[in-house]
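Have a look at the structure below, then the notes.
The values are calculated or read from the model by the stated rules, or taken from the named source; none is laboratory data. Since the model is a prediction, treat every value here as computed from it, not as a measurement. Note that we place each Cβ from the backbone using ideal geometry, even for glycine, and neighbour counts take in every protein chain shown.
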Amino acid sequence: MELTSESRRLPGVSARVVPLSEATPRPRRVAIGTFDGVHLGHREVISGADTVVTFEPHPLAVLHPASTPRLLTTLERKAELLGDCGVQELVVVPFDRRTAGLSAQDFIDQVLVGALSATHVSVGENFRFGHKAQGDPTLLAADGRFQTRVEPLLEVDGEIVSSSHIRGLILGGAVEYAGRLLGAPFLVAGEVAHGDERGRMLGFPTANLVPPEGFAIPGHGVYAARATTTDGGRHVAAVNVGVRPMFVTGRGELIEAYLVDFEGDLYGSVLRIEFLKRLRGEKRFGAIDELVEQMGRDVDDAVAVAGS
């Protein structure tokens, strides 16, 4: 995402997105981290902060591009979730070779103290920063210019809550449990594109989203979901993620959402899909009638999960 020169509040959120170059020095209670997903562990670190400092793009995209993970949240979604946590401001540090080359002490002096005037700094126990990741919570705690809080890693059901663990759950289709660890349903947003309209011919017209590049999507299968249209309308949805094995179309991976009790044209608009529960795996049917019957059952199951 390209940051403009204007600090701004994103639509529907309460956290302002501010490029570091435009942050005005003032006393701040700061939490620092990548915070991809803003999961329950992140929320412990963020608790009590009025400002979150994050990095864009993900540091691995610069340092080790081949190891860059599929992200759980766009910057917009991150700002929205942080706003829900009571954060007022999301300060974005552009992560490039210059930033990567800053020593840990320079990062403290130039960013935390110089640009942000931090009075309190909160980090997770595994947070590392500065050139070659030489900075750690001990270095922060030794600085008397601000108070440092180090939050231990959070465990749920005997597992450390982490973005990588949640990515694995989502890829495996376990979106219901992933939502528990995230503290909110996993969400994918995208522009509705034209498809081949086979769903319409079968009586279940779908809104088709091409999965956003570089971001996590659920594993192939059918899901109960809620979909939000650009005008704020919310609908129960039965959503298929996959390559559509019933038909040979030459198309790649798609997210197809059938919105219950919706009539209208969504082409070109942005649709937000909250994945609530996996209903079944993707499968091939011997006849069109069998597919239509199964689609009807999927819709009924989606309504049972997500409400009418």
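Table for the structure above
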| read-out | value |
| --- | --- |
| Subset of region 16-59 (residues that are touching a helix residue (DSSP H, G or I) at 6+ places or on another chain (Cβ under 8 Å) and among the acidic types (Asp, Glu)) | ASP36, GLU56 |
| Enumeration of residues in region 160-174 that are of a type outside the set (A, V, I, L, M, F, W, C), touching a Gly at 6+ places or on another chain (Cβ under 9 Å) and either over 19 Å from GLU44 (Cβ atoms) or in a helix (DSSP H, G or I) (or both) | SER163, ARG167, GLY172, GLY173 |
| TYR177 outside the structural domain of PHE35 (by TED's automatic domain parsing), part of a strand (DSSP E or B) and surrounded by 15 or more Cβ atoms within 10 Å (Cβ to Cβ) | no |
| Of the criteria (1) of a type in the set (A, V, I, L, M); (2) under 24 Å from the mean Cα position of the chain (by Cα); (3) within 22 Å of PRO65 (Cα to Cα), which one LEU169 fails | (3) |
| Of residues in region 111-131 being among the polar types (S, T, N, Q) and touching a Pro at 6+ places or on another chain (Cβ under 7 Å), the one nearest to ARG97 (Cα to Cα) | SER117 |
| Check on SER14, surrounded by 14 or more Cβ atoms within 10 Å (Cβ to Cβ) and at pLDDT below 95 | yes |
| Top-ranked residue in region 36-64 [being crowded, with 20+ Cβ neighbours inside 10 Å and among the aliphatic types (A, V, I, L, M); ranked as nearest to PHE107 (Cα to Cα)] | VAL53 |
| Condition check for PHE95: crowded, with 20+ Cβ neighbours inside 10 Å and not aliphatic (A, V, I, L, M) | no |
| Residue in region 274-282 that is over 18 Å from ARG226 (Cα atoms), in the same structural domain as THR230 (by TED's automatic domain parsing) and surrounded by 13 or more Cβ atoms within 10 Å (Cβ to Cβ) present | yes |
